[in-house]
Amino acid sequence: MARDTGPQCKQCRREGQKLFLKGERCLTEKCGVDRRSYPPGEHGRGRMRQSEYRQQLREKQKARRFYQVLERQFRNYYEKAAGQQGVTGENLLRLLERRFDNVLVRLGFAASRRQSRQLINHGHWLINGKRVDIPSYQVRPDDVITFGASSGAQDVVRMATELTAAVPAWLQADHDALTAKVLRLPERDEIIAPIEEQLIVELYSK
C-alpha cells in the first residue's frame with residue numbers, strides 16, 4: 001500500500017501553518033512550525049515569487065497533506081466531486097471529510113490521521129457491526145461506528161479522546177462507550193479544514 005513516509009513537521013512548515021499531522025506533539029513547544037516558522041530547505045528564508053499558479057498549487061498541496069492522501073488519490077476525489085451535483089469545491093471537501101480515517105479524528109478517537117489509519121488497518125473499528133480496515137472508506141448517514149470488543153488498543157483511543165475539544169454537529173460520539181454515529185453529511189461551514197477550495201478548483205480547471 002502506497003503511503004507518505006516523509007517528515008511531517010516539514011510539511012507543516014512548507015505550508016506555513018499547523019496541519020496537526022502529529023497529534024499531541026503539535027500542541028507542545030516541540031511543534032516544528034513554532035520552532036522554525038520558515039519553509040524548510042536551503043532557500044527557506046529567502047523571498048519567494050508569489051504567482052497565481054503558486055497559490056493554487058500550495059492550496060492543493062496543503063489540502064492533500066492535511067487529509068494525508070496521495071496525489072493520484074486526490075485527483076480521483078476531485079474528478080468524482082466534479083461529476084456530482086452542486087459546488088465542486090464543497091463536494092471535494094465533503095468527500096475528504098467523510099473518509100473513515102478523518103472521521104475518527106473528528107470524533108476524537110485518534111490523535112492524528114496517521115494514528116487513525118493505523119488503528120483502522122489493524123481492524124480495531126467496526127461500522128454497522130462489520131470490521132472495516134480501509135482508511136478511505138466513505139461513511140454514510142446513519143452509519144454506527146463501534147470499537148472492537150477484543151481490541152488491545154483501547155488505552156490509545158482513550159488517550160486521544162482527552163485531546164478532543166468538540167465533535168462536529170454532523171457526528172455524534174460517546175467517548176465512554178467508544179461508539180459513534182454519522183447523523184448526516186457535513187455542511188461547508190462545519191468543515192474546519194484550513195483550505196480555500198476554490199483555488200484548487202481553479203488549478204484543476206486550467
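What follows is calculated from the coordinates using simple rules that are stated; it is not laboratory data. The shown structure was predicted, so the numbers you read here are calculated from the model rather than taken from an experiment. Using ideal geometry, Cβ is built from the backbone for each residue, glycine included, and neighbour counts are taken over all protein chains shown.
A crude spin-label estimate for the pair Arg54 and Gln84, with each label 7 Å from Cα along the Cβ direction, gives 3.3 nm. Computed from the C-beta positions of Arg140 and Arg75, the FRET efficiency with R₀ = 22 Å rounds to 0.40. For the peptides 161-171, 66-76, 94-104, the ranking by mean Cβ contacts within 10 Å, running from highest to lowest, is 94-104, 66-76, 161-171. If only the Cβ of Lys and Arg carry +1 and only the Cβ of Asp and Glu carry -1, the dipole of region 100-184 around its Cα centre is close to 260 debye. Summing Lys and Arg as +1 and Asp and Glu as -1 over all other residues whose Cβ lies under 15 Å from the Cβ of Gly123 gives a net charge of +1. A Förster radius of 45 Å, combined with the Cβ-Cβ distance separating Glu196 from Thr161, puts the computed FRET efficiency at roughly 0.90.
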